[in-house]
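A quick write-up on the structure given underneath.
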Amino acid sequence: MPAPRRPAQPRSEPLWVRESQQESKSRPLTRERIVRAAMAVADDEGLDAVSIRRIAGELQARPMSLYTHIGSKDDLLELMHDAAVEETLMGDVPADWREALRMRARYNRAAALRHPWLLATRDAGCPIGPASLKRLDESAAAVRGLDADSAVRRALVLAVDTFTFGHVQAQLSGGIRRRTADEVNAARRKVTTEYVQTRIDAGELPHLAGTGVSELLYDDDAEASFELGLEWLLAGAAASLS
């Protein structure tokens, strides 16, 4: 009796150097379908919910059949990351560096809000894939008209990325809260506001007095604060570089 097949072992070369085996019409399972299914699970339940067995179940396939297209879960995470990065690509990069960086920041923010796990795969140092390489090229194009050396250009791109993903992280973690109408949150807002007000009345929070505690705690507009912060950053960079 032949020994059971074992999952292919991860290889040292980047996934992008390897190609999945040729598909045929009789085998509808593809690398793209696997990646999209994994992204959907991660979007709904988080990155920890992604496993070869779980994605196989979502696709009504045997776990072993996924190894025809990917070598390991790490491969899958790399493919997911690059697919999410592809959603940040601008295509036509504006000639004005401010407008180009605005567009870059907005595309990055939108993709990260659709796929919150992108923050984790980004920090995990996933290898640079095709979309990530294209994104680097677009970054260089965004600041190509800037009268500064390459180190300054890279620093500016990094500053915009750091602000953008940091703002998304704050929004997702609840650091930026929007007012909601449901009764449970309304009751919680009332109790929290009253608690803070007692601390203000006791003189413990002198700088919060008169600021409108309820609005300060619960009425932030995440998109508006992002746009305002981005404009401050770009204006500051322009003033510094002038």
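The values are calculated or read from the model by the stated rules, or taken from the named source; none is laboratory data. The shown structure was predicted, so the numbers you read here are calculated from the model rather than taken from an experiment. We place every Cβ from the backbone using ideal geometry, glycine too, and count neighbours over all the protein chains shown. In case anyone asks, the SASA skips ligands and DNA or RNA and just uses the protein heavy atoms, side chains included. Shrake-Rupley method; radii C 1.70, N 1.55, O 1.52, S 1.80 Å.
Overview of values
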{"quantity": "Tabulated pairs, region 164-190, first over 16 Å from residue 224 (Cα atoms), second open to solvent by less than 90 Å² (accessible area, probe 1.4 Å) and at pLDDT below 55, C-beta under 6 angstrom, 6+ apart or interchain", "calculated": "189/218"}
{"quantity": "Counted residues, region 180-232 - those being polar (S, T, N, Q), at pLDDT 80 or above and farther than 30 Å from residue 101 by Cα", "calculated": "1"}
{"quantity": "From the options 131, 124, 151, 111, residue that is of a type outside the set (D, E, K, R) and closer than 28 Å to residue 224 by Cβ", "calculated": "111"}
{"quantity": "Any hit, region 156-173, residues being more than 23 Å from residue 47 (Cβ to Cβ), β-branched (Val, Ile, Thr), part of a helix (DSSP H, G or I) and modelled with pLDDT of 95 or more", "calculated": "yes"}
{"quantity": "Failed condition for residue 139, given (1) under 17 Å from the mean Cα position of the chain (by Cα); (2) over 20 Å from residue 82 (Cα atoms)", "calculated": "(2)"}
{"quantity": "Considering residues of region 40-89 that are among the acidic types (Asp, Glu) and open to solvent by less than 50 Å² (accessible area, probe 1.4 Å) only, the residue nearest to the chain's Cα centre (by Cα)", "calculated": "82"}
